[in-house]
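J.: This is the structure I have questions about; it appears just below.
The values are calculated or read from the model by the stated rules, or taken from the named source; none is laboratory data. For clarity, every value in this text was computed on a predicted model and none was experimentally measured. Here the Cβ is made from the backbone with ideal geometry for all residues, glycine too, and neighbour counts use every protein chain on show.
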Amino acid sequence: MRRARVRGSEQHRSPIALHRRSATEQRVIHILRGESIDGAPDVTLHTSQFDKLRSLAARNALVIQEPGVPFLSVSELNLLAWLAQAQRVASYTRQFHPDPMLNMTIVHCAGTLDALGIRLPALSIHNPSVQPDLE
């Protein structure tokens with residue numbers, strides 16, 4: 001199996017192709033990476049929330065790929081899972097990460113996705129092969 005070298009604190013793992021994820025997950029990854037989304041003016045109104053999420057992720061050594069990268073980082077998979085969890089009932093009681101500001105921003109971004117009609121699949125919630133890359 002081919003190994004991919006990913007920058008930052010990401011462990012060496014096989015690449016995870018973005019095109020293999022659901023259309024909804026791909027859309028959220030594009031938003032998360034700060035890519036412009038054609039035909040989605042509502043998303044551009046909320047870019048500052050996702051800018052904050054990117055900034056807090058970077059501060060916490062979570063790797064969000066540059067726009068256009070065809071592969072997902074482990075951190076992006078974790079963020080997808082955390083956003084999906086935050087869209088579920090009682091997410092405000094859940095701690096996704098030790099940084100409380102990052103937790104709050106994840107919940108806020110999940111609510112924004114809900115308001116935009118973007119609902120991540122429950123399948124994103126649990127993936128035993130994805131481990132947090134907190135060191």
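J.: Look through the stretch 3-44, keep the residues that are at pLDDT below 90 and under 19 Å from Q87 (Cα atoms), and return whichever of them is surrounded by the most Cβ atoms within 10 Å (Cβ to Cβ).
T.: Checked the stretch 3-44; the qualifying residue surrounded by the most Cβ atoms within 10 Å (Cβ to Cβ) is V43.
J.: A further question on this structure: S75 is checked against (1) modelled with pLDDT of 90 or more; (2) among the hydroxyl-bearing types (S, T, Y); (3) part of a loop (DSSP other than H, G, I, E, B) and fails just one. What number does that condition carry?
T.: (3)
J.: Looking at L116, is it under 22 Å from G34 (Cα atoms), modelled with pLDDT under 90 and of a type outside the set (K, R)?
T.: Yes; evaluated as a whole, the condition is true for this residue.
J.: Name the single residue, out of those in the stretch 51-71 being assigned to a helix (DSSP H, G or I) and either among the acidic types (D, E) or more than 13 Å from the chain's Cα centre (by Cα) (or both), that is nearest to A110 (Cα to Cα).
T.: Among those that are assigned to a helix (DSSP H, G or I) and either among the acidic types (D, E) or more than 13 Å from the chain's Cα centre (by Cα) (or both), it is D51.
J.: Next question. Answer yes or no: is there a residue in the stretch 94-106 that is at pLDDT below 90, among the aliphatic types (A, V, I, L, M) and on the phi < 0 side of the Ramachandran plot.
T.: no
J.: Hey, another quick one. Please determine, by comparing only the residues of the stretch 45-75 that are of a type in the set (G, A, S) and in contact (Cβ under 8 Å) with a residue 60 or more places away in the chain, which one is surrounded by the fewest Cβ atoms within 10 Å (Cβ to Cβ).
T.: Checking each candidate, the answer is A61.
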